[in-house]
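The values are calculated or read from the model by the stated rules, or taken from the named source; none is laboratory data. What you see is a predicted model, and the numbers here were worked out from it, not measured in a lab. Methodologically, a virtual Cβ is constructed for each residue, glycine included, from the backbone with ideal geometry; neighbour enumeration extends over all protein chains shown. SASA here: full protein model, heavy atoms, side chains in, ligands and nucleic acids out. Shrake-Rupley method; radii C 1.70, N 1.55, O 1.52, S 1.80 Å.
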Amino acid sequence: MKICIYGAGAVGGLIAGRLAQAGHAVCVVARGAHLAAIREHGLRIVFEKNEVKVKIKAESDPALLGPQDCVIVAVKGQSLPEVAAGIAPLLGDDTSIVTAMNGVPWWFFDRLPFASERTARDGGKLRLETLDPGGKISAAMPTGRIVGCVVHLAASTPEPGLIRHNMGQRLILGEPGGKNSARTRSLIETLQGAGFEAVESAFIEKDFWVKLLGNVSFNPVSALTLATANRLIADDYVKAYMVAIMRECLAIGRAVGVDADIDPEARMDMARKLGVFKTSMLQDMEAGKKLEIDGLLTGTLEIARKAGVSAPFTESLAGLARLRAESSGQYR
């Protein structure tokens, strides 16, 4: 397959390297020092103590790469407007777009009965305005092309051009609304052949919501406290605060027809098994990068408002995280 990874950071770079090793024609859209390092030295990936190097075509301008069979979008939510503005040259008639991202995707409502009912009642498409202002992202990347991907692995970028795989192999894929086509199964087979534990989801929105329970709580709290996940769980007060946020998130999902069907304590256990690890937002905080506040918190709270669900704990966390990021120039 011809596959472009739009955003060759930790997760995107790991996927790119594995797919290239498996023999696929892989290219990446990257920028800055990371792009320069990939061009000069190849993409270096560390698995445990073994380092491999793969030569991958890398460009900052997608127009230089041409149409692909599949584009895997692996950026933070705040970078989506840039992707929407640049992705067109990568798209042929049958190109799939895989969203391998944290948080609520912009297309979340598009295949849910809740959205159809609201549209029939109020008129106009139900859209997450905080994530897709004016609908520019959905226009550039329409739902008909989308395959959602929930990422259950951890990786980091210790230096430009270097990806370190820390833990996990699991990727969950499915098309919005649960009606998966042959292209999704083909992508799953492709990722399995590259060494990932790729599985098919019958309701990808639910899988996103299960992941969101952890992301919406652990990520911002870790950025505020600069603490690894195991320390957050070990502190009774902090843990209780995160459980309260998870309960609000569960109620929001149920109100729009997406029941994560998991107890917060069980979700804590999922994180506890990972041991000592830094969330992606904590890594970004320490690196001085923009923080993914809108995709995790602002979008979730917009859904809460549309569903009429009160979420005071999540609101307080959103305010604290936003002000902290604004203070260090890490929020737009």
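Name the pairs: first residue in the stretch 75-86 and free of Cβ contacts under 8 Å to residues at least 40 places away in the same chain, second residue surrounded by fewer than 22 Cβ atoms within 10 Å (Cβ to Cβ) and not aliphatic (A, V, I, L, M), Cβ to Cβ under 6 Å, at least 6 apart or on different chains?
Once the first residue is free of Cβ contacts under 8 Å to residues at least 40 places away in the same chain and sits in the stretch 75-86, no partner that is surrounded by fewer than 22 Cβ atoms within 10 Å (Cβ to Cβ) and not aliphatic (A, V, I, L, M) comes close enough.
Restricting to helices (runs of 4 or more DSSP H) lying wholly in the stretch 223-332: which have 1 or more residues that are basic (Lys, Arg), touching a residue at least 12 places away in the same chain (Cβ under 8 Å) and open to solvent by 70 Å² or more (accessible area, probe 1.4 Å)?
236-255, 264-272, 312-327
Just one of 215, 219 is under 30 Å from residue 265 (Cα atoms), touching a helix residue (DSSP H, G or I) at 6+ places or on another chain (Cβ under 7 Å) and at pLDDT below 95; which is it?
215
Which ones in the stretch 199-220 are of a type in the set (A, V, I, L, M) and within 10 Å of residue 296 (Cβ to Cβ)?
212, 216
Taking the stretch 243-261 only, how many residues are on the phi < 0 side of the Ramachandran plot and over 20 Å from the mean Cα position of the chain (by Cα)?
8
Got a sec? Which of 8, 58 is open to solvent by less than 10 Å² (accessible area, probe 1.4 Å), modelled with pLDDT under 95 and under 22 Å from the mean Cα position of the chain (by Cα)?
Step by step, each of 8, 58 is checked, and only 8 is open to solvent by less than 10 Å² (accessible area, probe 1.4 Å), modelled with pLDDT under 95 and under 22 Å from the mean Cα position of the chain (by Cα).
Could you pull out every one of the strands (runs of 3 or more DSSP E) wholly within the stretch 1-74 that has 3 or more residues that are more than 20 Å from residue 90 (Cβ to Cβ)?
Hits in the stretch 1-74: 43-47, 50-54.
For a quick check of your reading: which strands (runs of 3 or more DSSP E) sit entirely within the stretch 94-201 and have at least 1 residues that are open to solvent by 40 Å² or more (accessible area, probe 1.4 Å), in contact with a His (Cβ under 8 Å, 6 or more places away or on another chain) and not hydroxyl-bearing (Ser, Thr, Tyr)?
162-174
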